[in-house]
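Novice: After the structure tokens below, expect a handful of questions from me.
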Amino acid sequence: MTTHVALLGHPVAHSLSPLMHEAAFAAARLDWQYSAFDVEDVEAAVAALRTLGFAGANVTIPHKLAAARLCDEAEDESVNTLVFRDGRVLGFNTDKEILAGIHARRACVIGGGGAARALAPALPADTRTFTRSGAWPPDAEGCDLIVNATPVRDELLVEPRAGQVVVDLAYSIEDRGDTALVAAARAAGCEVVDGREALVRQGAKSFELWTGLPAPVEVMRAAVRA
């Protein structure tokens, strides 16, 4: 019998998560299916998945904060992975995996929504957060880590410089080109984690939470780069 998991967000048509996870399930020889659902009412969507017997879900913009409040047990205030187990909804924040191995003293984070809050537990204590409704424009002076936690990909919101680590959560499904921030960061000689690599890092942990198996990371990475 096929096991089902889903992606819940609005919009989701741009997401590479279905391609990535379907490749992972095939590599692991699992009869699992990953479907993307564009939903505005995440509470109703989660209830429907539970009724239909789904094993879990990923949650993306703009529902990560709301999803955490729907959980019987949530790891953080923002969650991107749900596991349905023994009649309970468990919420996990696998977005923290994106910053694994990055050691920073001061960070500049652009964005204040669920994505930014999901990364907060892995960020240094000295973190400046910039939003268009608050402090603006972003100022990365004195920061050794820059994180774009917004969907903006074509506008250079801050100018990176050599020696900084740049993490950009944004990517486009239409092409494999770099975002404006990633292109500038590569040109400056920065260490870069682009949106596709960020997707793989958090997705691999989601795979392991659902299946209990090691994630085929290289297969997932190849799928989102193809």
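A short reminder: the numbers here are calculations on the coordinates, not readings from a lab. Remember, it's a predicted structure, so these values are computed and weren't measured experimentally. Glycine gets a Cβ as well: all are built from the backbone with ideal geometry, and neighbour counts include every protein chain shown.
Novice: Sort the following peptides by mean Cβ neighbour count (other Cβ atoms within 10 Å, averaged over residues), highest first: 208-217, 55-64.
Specialist: On the way: 208-217: 15.8, 55-64: 23.0.
Per-residue Cβ counts within 10 Å, averaged per peptide and sorted highest first, yield 55-64, 208-217.
Novice: Also, I was wondering about something else. Once you sort the root eigenvalues of the Cα gyration tensor of segment 97-193 as a ≥ b ≥ c, which label holds: rounded (a/c under 1.5), prolate (a/b larger than b/c) or oblate (the other case)? Please report the intermediate quantities before stating the final value.
Specialist: On the way: a/c = 1.33, a/b = 1.18, b/c = 1.13.
Rounded.
Novice: Which residue, Ser15, Ala118, Ala36, has the largest displacement toward the positive end of the dipole of the chain when charges sit on each Cβ (Lys, Arg +1; Asp, Glu -1)?
Specialist: In the chain, that residue is Ala118.
Novice: Also, quick follow-up: Arranged from highest to lowest average of other beta-carbon atoms within 10 Å per residue, in what order do the peptides 35-41, 16-22, 45-51, 108-114 appear? If you can, show how the numbers build up before the last one.
Specialist: On the way: 35-41: 15.1, 16-22: 20.3, 45-51: 17.0, 108-114: 22.4.
Most protected by this proxy first, the peptides run 108-114, 16-22, 45-51, 35-41.
Novice: Please figure out what share of the DSSP beta bridges in the chain is antiparallel and state it in percent, rounded to the nearest 5.
Specialist: On the way: 8 of 37 bridges.
Restricted to the chain, the bridges split so that about 20 percent are antiparallel.
Novice: Could you work out the Kirkwood radius for segment 1-78, taking every pair of different alpha carbons, averaging 1/r and inverting it, reported in Å?
Specialist: 13.0 Å
Novice: Rounded to the nearest 20 debye, what is the charge dipole size of the chain about its Cα centre when +1 sits on each Lys and Arg Cβ and -1 on each Asp and Glu Cβ? Show your work: numbers first, answer last.
Specialist: Numbers: 21 positive and 30 negative charges, 56 e Å.
Magnitude of the dipole: close to 280 debye.
Novice: Please work out whether the chain counts as rounded, prolate or oblate from its C-alpha gyration tensor, where a ≥ b ≥ c are the square roots of the eigenvalues and a/c under 1.5 means rounded, while otherwise a/b larger than b/c means prolate and anything else oblate? Before the final figure, lay out each step's value.
Specialist: Numbers: a/c = 1.97, a/b = 1.55, b/c = 1.27.
Taking the square roots of the gyration eigenvalues as a ≥ b ≥ c, the chain is prolate.
Novice: Ignoring everything except DSSP H segments at least 4 long, calculate the 222 nm mean residue ellipticity for the chain; use -39,500 (n - 2.57) per segment, divide by total residues, nearest 500.
Specialist: On the way: 7 runs with 70 residues, N = 226.
Calculated at 222 nm, the ellipticity per residue is -9000 deg cm²/dmol.
Novice: For His103, what charge total do you get from the other residues with a beta carbon under 12 Å from its beta carbon, if Lys and Arg give +1 and Asp and Glu give -1? Display every interim value, and only then the final one.
Specialist: On the way: positive: Arg105, Arg106; negative: Asp144, Glu191.
Once all neighbours under 12 Å are counted, the net charge is 0.
Novice: On to the next question. Give the list, by residue number, of cysteines in the chain with no other Cys Cβ closer than 4.7 Å, or say none.
Specialist: Here Cys71, Cys190 come out as lacking a disulfide-compatible partner, given the Cβ-Cβ threshold of under 4.7 Å.
Novice: Could you grab the relative contact order for the chain? Cα pairs under 8 Å, six or more apart, rounded to a whole percent.
Specialist: Relative contact order of the chain: 17 percent.
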